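Beneath this line is the structure, given in C-alpha coordinates, with notes to follow.
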Amino acid sequence: MSDEQTDGTTEPLRTKVHAWRPALLWVFAGFAVFAYAFDQLTKLWVTSTMVEGERIPALPPLLHWYYIRNSGAAFSIGENVTWVFTIVMAAVSVAILFQLRRLGSAWWALALGLLLGGALGNLTDRLFREPSFAMGHVVDFIQLPNFAIFNIADSAVVSGVVIICLLTLRGIGLDGSRQHSAGSRAETPEGEEPGDV
(Lines give C-alpha, C1' and ligand atoms only; values in the text may rest on other atoms or scores of the structure.)
Protein backbone atom coordinates (compact mmCIF):
# COMPACT_ATOMS: atom_id res chain seq x y z
CA MET A 1 0.00 0.00 0.00
CA SER A 2 1.43 3.41 -0.95
CA ASP A 3 1.94 6.35 1.39
CA GLU A 4 -0.86 8.22 -0.37
CA GLN A 5 -3.30 5.38 0.29
CA THR A 6 -2.25 5.16 3.92
CA ASP A 7 -2.66 8.88 4.43
CA GLY A 8 -6.05 8.83 2.75
CA THR A 9 -7.55 6.02 4.82
CA THR A 10 -6.09 5.97 8.32
CA GLU A 11 -5.39 9.64 9.05
CA PRO A 12 -9.05 10.79 8.99
CA LEU A 13 -9.94 8.02 11.46
CA ARG A 14 -7.14 9.04 13.79
CA THR A 15 -8.14 12.68 13.50
CA LYS A 16 -11.77 11.84 14.30
CA VAL A 17 -10.85 9.84 17.40
CA HIS A 18 -8.45 12.55 18.52
CA ALA A 19 -11.16 15.20 18.11
CA TRP A 20 -13.61 13.24 20.26
CA ARG A 21 -11.16 12.48 23.09
CA PRO A 22 -11.51 15.79 25.01
CA ALA A 23 -15.31 15.46 24.97
CA LEU A 24 -15.10 11.87 26.23
CA LEU A 25 -12.77 12.90 29.02
CA TRP A 26 -15.24 15.60 30.04
CA VAL A 27 -18.04 13.03 30.11
CA PHE A 28 -15.88 10.74 32.24
CA ALA A 29 -14.85 13.54 34.61
CA GLY A 30 -18.38 14.90 34.85
CA PHE A 31 -19.93 11.62 35.91
CA ALA A 32 -17.04 10.85 38.28
CA VAL A 33 -17.41 14.21 40.02
CA PHE A 34 -21.21 13.89 40.09
CA ALA A 35 -21.11 10.41 41.67
CA TYR A 36 -18.45 11.43 44.19
CA ALA A 37 -20.10 14.72 45.18
CA PHE A 38 -23.60 13.20 45.39
CA ASP A 39 -22.25 10.41 47.59
CA GLN A 40 -20.34 12.68 49.95
CA LEU A 41 -23.13 15.24 50.25
CA THR A 42 -25.73 12.60 51.10
CA LYS A 43 -23.38 11.09 53.69
CA LEU A 44 -22.83 14.55 55.18
CA TRP A 45 -26.60 15.00 55.37
CA VAL A 46 -27.06 11.62 57.07
CA THR A 47 -24.28 12.08 59.64
CA SER A 48 -25.41 15.61 60.51
CA THR A 49 -29.15 14.95 60.81
CA MET A 50 -29.37 11.35 62.05
CA VAL A 51 -27.84 9.28 64.82
CA GLU A 52 -26.34 5.90 64.09
CA GLY A 53 -29.01 3.20 64.12
CA GLU A 54 -31.84 5.67 63.40
CA ARG A 55 -34.40 4.60 60.81
CA ILE A 56 -36.66 7.10 59.01
CA PRO A 57 -39.46 6.21 56.55
CA ALA A 58 -38.88 7.87 53.16
CA LEU A 59 -41.31 6.06 50.85
CA PRO A 60 -42.77 3.38 53.11
CA PRO A 61 -42.86 0.49 52.85
CA LEU A 62 -40.43 0.55 49.91
CA LEU A 63 -37.71 2.94 51.04
CA HIS A 64 -36.26 3.90 54.42
CA TRP A 65 -33.22 5.88 55.52
CA TYR A 66 -31.34 3.69 58.00
CA TYR A 67 -28.01 5.07 59.20
CA ILE A 68 -25.35 2.44 59.85
CA ARG A 69 -21.57 2.34 59.52
CA ASN A 70 -20.18 -0.55 57.49
CA SER A 71 -16.66 -1.89 57.95
CA GLY A 72 -17.00 -4.21 54.95
CA ALA A 73 -17.26 -3.71 51.21
CA ALA A 74 -20.34 -2.81 49.20
CA PHE A 75 -23.51 -4.29 50.70
CA SER A 76 -21.68 -5.24 53.95
CA ILE A 77 -19.43 -7.90 52.42
CA GLY A 78 -16.21 -8.80 54.26
CA GLU A 79 -16.62 -6.73 57.42
CA ASN A 80 -13.51 -8.18 59.09
CA VAL A 81 -10.99 -7.21 56.40
CA THR A 82 -11.53 -3.47 56.01
CA TRP A 83 -7.91 -2.71 55.03
CA VAL A 84 -8.12 -5.13 52.08
CA PHE A 85 -11.01 -3.18 50.55
CA THR A 86 -9.16 0.09 51.08
CA ILE A 87 -6.26 -1.25 49.00
CA VAL A 88 -8.60 -2.74 46.38
CA MET A 89 -10.53 0.52 45.92
CA ALA A 90 -7.30 2.51 45.61
CA ALA A 91 -5.96 0.04 43.03
CA VAL A 92 -9.22 0.12 41.05
CA SER A 93 -9.16 3.92 40.98
CA VAL A 94 -5.59 3.99 39.66
CA ALA A 95 -6.38 1.28 37.08
CA ILE A 96 -9.33 3.28 35.75
CA LEU A 97 -7.15 6.35 35.27
CA PHE A 98 -4.58 4.30 33.37
CA GLN A 99 -7.28 3.06 31.00
CA LEU A 100 -8.31 6.56 29.96
CA ARG A 101 -5.66 6.71 27.23
CA ARG A 102 -7.67 4.07 25.33
CA LEU A 103 -11.06 5.70 25.87
CA GLY A 104 -13.05 6.02 22.64
CA SER A 105 -16.68 5.48 23.66
CA ALA A 106 -19.14 7.79 25.42
CA TRP A 107 -20.83 4.82 27.12
CA TRP A 108 -17.47 3.61 28.46
CA ALA A 109 -16.76 7.15 29.64
CA LEU A 110 -20.07 7.13 31.54
CA ALA A 111 -19.43 3.70 33.06
CA LEU A 112 -15.85 4.43 34.12
CA GLY A 113 -16.86 7.80 35.51
CA LEU A 114 -19.53 6.23 37.72
CA LEU A 115 -17.13 3.49 38.75
CA LEU A 116 -14.38 5.92 39.71
CA GLY A 117 -16.71 8.32 41.51
CA GLY A 118 -18.24 5.50 43.53
CA ALA A 119 -14.88 3.93 44.36
CA LEU A 120 -13.47 7.28 45.51
CA GLY A 121 -16.59 7.99 47.55
CA ASN A 122 -16.21 4.87 49.67
CA LEU A 123 -12.41 5.18 49.65
CA THR A 124 -12.76 8.62 51.24
CA ASP A 125 -14.74 7.02 54.06
CA ARG A 126 -12.12 4.31 54.46
CA LEU A 127 -9.31 6.82 54.71
CA PHE A 128 -10.81 9.56 56.86
CA ARG A 129 -13.67 8.22 58.96
CA GLU A 130 -13.47 6.47 62.32
CA PRO A 131 -12.05 4.33 63.76
CA SER A 132 -8.69 5.04 62.05
CA PHE A 133 -6.94 5.98 58.82
CA ALA A 134 -7.46 3.36 56.07
CA MET A 135 -9.74 1.43 58.45
CA GLY A 136 -12.69 3.79 58.42
CA HIS A 137 -16.26 2.57 58.31
CA VAL A 138 -18.42 3.52 55.33
CA VAL A 139 -21.69 5.37 55.91
CA ASP A 140 -24.66 3.38 54.55
CA PHE A 141 -28.25 4.62 54.74
CA ILE A 142 -30.44 3.40 51.86
CA GLN A 143 -32.67 0.50 52.88
CA LEU A 144 -34.95 -1.44 50.54
CA PRO A 145 -37.09 -4.45 51.52
CA ASN A 146 -35.15 -7.71 51.78
CA PHE A 147 -31.95 -6.07 50.59
CA ALA A 148 -28.66 -4.92 52.09
CA ILE A 149 -28.28 -1.33 53.27
CA PHE A 150 -26.14 0.70 50.84
CA ASN A 151 -25.20 4.22 49.75
CA ILE A 152 -24.86 6.34 46.60
CA ALA A 153 -21.27 5.21 46.00
CA ASP A 154 -22.38 1.56 45.99
CA SER A 155 -25.12 2.43 43.52
CA ALA A 156 -22.65 4.23 41.24
CA VAL A 157 -20.22 1.31 41.29
CA VAL A 158 -22.93 -1.24 40.53
CA SER A 159 -24.38 0.95 37.75
CA GLY A 160 -20.92 1.32 36.19
CA VAL A 161 -20.29 -2.42 36.33
CA VAL A 162 -23.71 -3.18 34.79
CA ILE A 163 -23.03 -0.78 31.90
CA ILE A 164 -19.59 -2.34 31.34
CA CYS A 165 -21.13 -5.82 31.25
CA LEU A 166 -23.74 -4.68 28.70
CA LEU A 167 -21.07 -3.04 26.54
CA THR A 168 -18.96 -6.18 26.70
CA LEU A 169 -21.92 -8.38 25.74
CA ARG A 170 -22.61 -6.10 22.78
CA GLY A 171 -18.97 -6.30 21.72
CA ILE A 172 -18.21 -2.60 22.22
CA GLY A 173 -14.61 -2.13 23.28
CA LEU A 174 -13.14 0.58 25.48
CA ASP A 175 -11.78 2.32 22.39
CA GLY A 176 -15.22 2.32 20.77
CA SER A 177 -14.47 -0.51 18.36
CA ARG A 178 -16.99 -3.30 17.81
CA GLN A 179 -16.21 -6.99 17.76
CA HIS A 180 -17.82 -8.56 14.71
CA SER A 181 -19.73 -11.81 14.78
CA ALA A 182 -18.51 -14.97 13.05
CA GLY A 183 -18.43 -14.58 9.29
CA SER A 184 -17.76 -10.83 9.34
CA ARG A 185 -14.77 -9.16 7.78
CA ALA A 186 -12.93 -8.93 11.10
CA GLU A 187 -12.91 -12.71 11.45
CA THR A 188 -12.75 -13.67 7.76
CA PRO A 189 -9.43 -15.15 6.57
CA GLU A 190 -7.24 -12.76 4.63
CA GLY A 191 -8.16 -12.45 0.97
CA GLU A 192 -11.76 -13.62 1.42
CA GLU A 193 -14.88 -11.52 1.56
CA PRO A 194 -17.64 -12.13 4.10
CA GLY A 195 -19.96 -14.73 2.68
CA ASP A 196 -17.34 -16.26 0.37
CA VAL A 197 -17.73 -20.00 0.03
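Filtering the stretch 100-119 to residues that are more than 18 Å from ALA153 (Cα to Cα) and open to solvent by less than 10 Å² (accessible area, probe 1.4 Å) leaves only LEU103. Please determine, by comparing only the residues of the stretch 128-179 that are among the basic types (Lys, Arg) and either open to solvent by 70 Å² or more (accessible area, probe 1.4 Å) or under 30 Å from ARG101 (Cα atoms) (or both), which one is modelled with the lowest pLDDT. The selected residue is ARG178. Among residues of the stretch 156-169 that are over 23 Å from ASP39 (Cα atoms), those with a Cβ under 7 angstrom from a residue that is open to solvent by 70 Å² or more (accessible area, probe 1.4 Å) and assigned to a helix (DSSP H, G or I), sequence gap 6+ or separate chain, pair up as LEU167/TRP107.
Counting only residues that are surrounded by 19 or more Cβ atoms within 10 Å (Cβ to Cβ) and of a type outside the set (Ser, Thr, Tyr), the stretch 41-74 holds 5 of them. For the stretch 112-142, a tally of residues being touching a Ser or Thr at 6+ places or on another chain (Cβ under 8 Å) and in a helix (DSSP H, G or I) returns 8.
Do you know which residues across the stretch 99-121 are more than 24 Å from GLN40 (Cβ to Cβ) and either in contact with a Phe, Trp or Tyr (Cβ under 8 Å, 6 or more places away or on another chain) or among the aromatic types (Phe, Trp, Tyr) (or both)? LEU103, GLY104, TRP107, TRP108 - these are the residues of the stretch 99-121 that are more than 24 Å from GLN40 (Cβ to Cβ) and either in contact with a Phe, Trp or Tyr (Cβ under 8 Å, 6 or more places away or on another chain) or among the aromatic types (Phe, Trp, Tyr) (or both). Among residues of the stretch 77-93 that are at pLDDT 70 or above, those with a Cβ under 8 angstrom from a residue that is charged (D, E, K, R) and in a helix (DSSP H, G or I), sequence gap 6+ or separate chain, pair up as PHE85/ARG126; THR86/ARG126; MET89/ARG126.
The values are calculated or read from the model by the stated rules, or taken from the named source; none is laboratory data. None of these values were measured; they are calculated from a predicted model. Please note: Cβ atoms are built from the backbone with ideal geometry, for glycine as well, and neighbour counts cover all protein chains shown. When the accessible area is computed, the model is the full protein with side chains, heavy atoms only, and any ligands, DNA or RNA have been set aside. Shrake-Rupley method; radii C 1.70, N 1.55, O 1.52, S 1.80 Å.
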